[in-house]
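**Q** Before I ask anything, here is the structure I am working with.
Every number here is computed from the coordinates shown, using simple stated rules; none is lab data. Keep in mind the model is a prediction, meaning the values are calculated, not measured. Backbone-built Cβ (ideal geometry, glycine too); neighbour counts: all protein chains shown.
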Amino acid sequence: MSNAGGEVQRPAFASKAADGRFRLKLRVQPGAKANGVIGPFQSSLKVKIKAPPVDNKANKELLSYVASLLGMKPNRLQIESGQTGRLKIIVFSMEDEPRWEMLTPK
């Protein structure tokens, strides 16, 4: 996503840190019927995940699901904060700006 000037327009839930890594602020709903992107929620992106919030299952499935949307391997993403809560910050590195439109509801 870029504007007429060629500058990248990141959604409110995404940022780029000084170290070059991207950060996603996610609100996670575990135990859903299916994985999916619900859409923007306050300053985060609400995502539903099938896995239950026990034994780190929902976190693992979340990383796998977001990685698949961004076209990367799950081991390239990590939860920076929110390991045990619903509000999570996920960090990852990519050479190019991610295709943010892949993180829209379908």
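**Q** Being touching a strand residue (DSSP E or B) at 6+ places or on another chain (Cβ under 6 Å), without any contact (Cβ under 8 Å) to a residue 40 or more places away in the chain and not in a helix (DSSP H, G or I) narrows it down to one of V47, V91, so name that one.
**A** After ruling out the rest, the residue left standing is V47.
**Q** Can you give me the number of residues within region 32-55 that are over 10 Å from the mean Cα position of the chain (by Cα) and surrounded by 13 or more Cβ atoms within 10 Å (Cβ to Cβ)?
**A** Total meeting the criteria: 11.
**Q** On to the next question. Please work out which residue is surrounded by the most Cβ atoms within 10 Å (Cβ to Cβ), limiting yourself to region 16-25 and to residues that are part of a strand (DSSP E or B) and either among the hydrophobic types (A, V, I, L, M, F, W, C) or within 11 Å of the chain's Cα centre (by Cα) (or both). Let's see the steps before the verdict.
**A** Taking region 16-25 first, the residues part of a strand (DSSP E or B) are 16, 22-25.
In the following step, the residues that additionally are either among the hydrophobic types (A, V, I, L, M, F, W, C) or within 11 Å of the chain's Cα centre (by Cα) (or both) were identified as 22-25.
Numbers: F22: 19, R23: 17, L24: 24, K25: 20.
It comes out as L24.
**Q** I would also like to ask the following. Would you pick out the residues in region 30-46 that are within 20 Å of N56 (Cβ to Cβ) and touching a helix residue (DSSP H, G or I) at 6+ places or on another chain (Cβ under 9 Å)?
**A** Correct list: P30, G31, N35.
**Q** Here's another thing I want to ask about it. Please count how many residues of region 50-77 are among the charged types (D, E, K, R) and outside any helix (DSSP H, G or I).
**A** 3
**Q** Next question, about the same structure. On the basis of being hydrophobic (A, V, I, L, M, F, W, C) and either in a helix (DSSP H, G or I) or within 15 Å of E97 (Cα to Cα) (or both), does V28 make the cut?
**A** It is false that V28 is hydrophobic (A, V, I, L, M, F, W, C) and either in a helix (DSSP H, G or I) or within 15 Å of E97 (Cα to Cα) (or both).
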